[in-house]
Amino acid sequence: MRTRTTSSAIALGTTVLLLLALVVPAAAAPPDNPFVGSWETIYDDGGPVGPTEIHFQIGGRGHIHGKVSVGRICFAQFGEFVPSSYGGSGSIISEDPYMFEVYADLYCHTRSGQGKQLVFEDFYLKFRYEPETDTLRALHYPPQALHHCAWRSGSGPSSCPPEVQLILPPGADGVDVAAAGQVLAEALEGATGATVTVVAAAGQRDVYDRMCASPETAVGIAGAPVYSFASFDCGIDTSLRAIQFGSDGYQGQFMVPAGSGLEGIANLDGKTWAHPALGSMSGYIVPKGMMVLAGVEPSASLDEGSHDGAVLAVYHGAAEFGTSVVDARTWVDDDYPDVFDVVEVIHVSPFIPNDAIAFGSDFPEALRLQIEAAVIALADPVGAVWEDSLDLLYGWEGISSAEGADWAWLLPVLNAAGFTIDDL
């Protein structure tokens with residue numbers, strides 16, 4: 001136990017002092033500062049990378065309860081998921097009878113083991129006591145804190161709404177991801193009672209990083225490569241995937257000139273290959289990985305820039321074989337009505353799953369089931385919420401069931417193609 005006056009700073013010897021939920025006694029407005037007096041650390045769960053829950057007793061008047069994934073804070077500051085240890089120090093200051101402030105320094109240790117310190121001002125928390133409700137409300141806290149909750153004395157953390165991070169990749173050009181995502185977030189809040197915060201990710205790699213950094217709170221839209229890597233690296237999981245263009249997946253195809261005698265991928269070794277842009281999953285990345293696994297090496301690689309360009313390269317004899325999405329021949333048959341006679345398909349890839357609604361590895365199961373049920377209900381039938389969120393952002397027509405095994409074949413193919421998370 002230690003005692004301080006109202007103007008003194010109280011040194012807290014804990015590893016991290018991020019307080020996201022506060023308990024105060026159910027009483028009228030206090031005549032004196034309720035936070036003056038002794039303090040004592042009651043509980044520190046000491047999670048795998050530092051504390052995720054910290055409880056304090058303040059002057060015998062109530063409890064402060066905080067829960068946070070410390071990796072989020074370091075990631076927000078340095079753009080790196082930090083799975084190692086953390087250290088911190090700080091002080092509680094009480095100068096106003098209705099004010100509660102926290103200053104702290106936080107040290108993040110990166111994968112290389114080099115310590116990095118958060119800027120002092122970025123770890124400043126300020127709460128104000130509301131006598132009419134007998135709660136404390138956050139007035140200021142850093143964005144990486146994500147949320148807080150307050151509850152009255154006599155209740156506990158279970159009375160605080162669960163936190164959900166809804167991680168959304170960039171959508172259609174000109175669509176505000178945060179605004180469209182908020183439509184979906186509010187619907188999920190109404191269906192589950194959770195606090196849903198929209199996170200507009202910078203790109204697919206950002207989705208991967210955030211899903212892995214927040215296993216207890218992350219719900220995200222994960223494309224096929226993101227899901228493949230993150231499910232292996234940090235255990236994200238899914239039961240739902242999108243329906244687009246009437247299907248919940250798509251395939252790549254291998255094409256050759258009709259009558260060429262080429263059958264199967266193995267016969268393509270040493271041949272000239274026409275393909276779409278290098279970022280195409282169905283037209284380039286997956287076919288390349290499949291060829292590597294089959295021991296096939298083309299003699300030349302022609303980047304035609306598009307799926308129909310790859311079809312026409314085979315049609316005009318510029319390449320001995322081509323790859324594209326199934327069936328890109330329909331994209332040119334108005335101008336080349338004999339394309340199905342001239343260009344034949346000799347092999348197709350397994351189904352590449354559409355984007356998944358994925359959950360962090362430690363996401364609460366009961367809340368996950370509620371969210372999944374809410375998403376299914378929004379899609380059956382499709383209504384205004386769906387149209388103004390998932391359809392507007394990504395062109396989703398509906399939702400389909402899925403399981404992790406649907407992606408199992410893809411990771412070895414991506415690895416064989418030399419496609420990594422740095423290419424997302």
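The values are calculated or read from the model by the stated rules, or taken from the named source; none is laboratory data. A quick note: this is a predicted structure, and the numbers were derived from the prediction, not measured. Because the Cβ atoms are built from the backbone with ideal geometry, glycine has one as well, and the counts that use them run over all protein chains shown.
May I ask you to say which residue of Ala358, Ala318, Ala313, Ala408 is modelled with pLDDT of 95 or more and surrounded by fewer than 17 Cβ atoms within 10 Å (Cβ to Cβ)?
Details: Ala358 fails: surrounded by fewer than 17 Cβ atoms within 10 Å (Cβ to Cβ); Ala313 fails: surrounded by fewer than 17 Cβ atoms within 10 Å (Cβ to Cβ); Ala408 fails: modelled with pLDDT of 95 or more.
Only one candidate qualifies: Ala318.
Determine which member of the set Glu397, Glu365, Glu344 is over 16 Å from Asp237 (Cβ atoms), charged (D, E, K, R) and either free of Cβ contacts under 8 Å to residues at least 12 places away in the same chain or in contact with a Pro (Cβ under 9 Å, 6 or more places away or on another chain) (or both). Reasoning before the result, please.
Values: Glu397 fails: either free of Cβ contacts under 8 Å to residues at least 12 places away in the same chain or in contact with a Pro (Cβ under 9 Å, 6 or more places away or on another chain) (or both); Glu365 fails: over 16 Å from Asp237 (Cβ atoms).
The match here is Glu344.
Being outside the structural domain of Tyr284 (by TED's automatic domain parsing), under 15 Å from the mean Cα position of the chain (by Cα) and either in contact (Cβ under 8 Å) with a residue 24 or more places away in the chain or closer than 22 Å to Val375 by Cα (or both) is the requirement here; does Ser228 meet it?
Numbers: outside the structural domain of Tyr284 (by TED's automatic domain parsing): yes; under 15 Å from the mean Cα position of the chain (by Cα): yes; either in contact (Cβ under 8 Å) with a residue 24 or more places away in the chain or closer than 22 Å to Val375 by Cα (or both): yes.
For Ser228, the condition - outside the structural domain of Tyr284 (by TED's automatic domain parsing), under 15 Å from the mean Cα position of the chain (by Cα) and either in contact (Cβ under 8 Å) with a residue 24 or more places away in the chain or closer than 22 Å to Val375 by Cα (or both) - is met.
Of the residues Ala178, Ala187, which single one is surrounded by fewer than 22 Cβ atoms within 10 Å (Cβ to Cβ), without any contact (Cβ under 8 Å) to a residue 24 or more places away in the chain and over 30 Å from Val314 (Cβ atoms)?
Numbers: Ala187 fails: without any contact (Cβ under 8 Å) to a residue 24 or more places away in the chain.
Checking each option against the conditions leaves just Ala178.
With respect to Gly223, is the statement that it is in the same structural domain as Glu372 (by TED's automatic domain parsing), under 19 Å from Trp409 (Cα atoms) and surrounded by fewer than 17 Cβ atoms within 10 Å (Cβ to Cβ) true?
Taking the combined requirement at face value, the residue does not satisfy it.
Here are the criteria: (1) within 20 Å of Asp248 (Cβ to Cβ); (2) part of a helix (DSSP H, G or I); (3) in contact with an Asp or Glu (Cβ under 6 Å, 6 or more places away or on another chain). Tell me which single one Val183 does not satisfy.
Every condition holds for Val183 apart from (1).
Anything in region 281-310 that is small (Gly, Ala, Ser) and buried (at least 21 other Cβ atoms within 10 Å of the Cβ)? List them, or say none. I'd like the intermediate steps shown before the answer.
Of all residues in region 281-310, those small (Gly, Ala, Ser) come to 282-283, 289, 294-295, 299-301, 305-306, 309-310.
Residues satisfying the conditions are Ser282, Gly283, Gly289, Gly309, Ala310.
Tally up the residues in region 411-424 that are in a helix (DSSP H, G or I) and at pLDDT below 95, please.
Residues meeting the conditions: 3.
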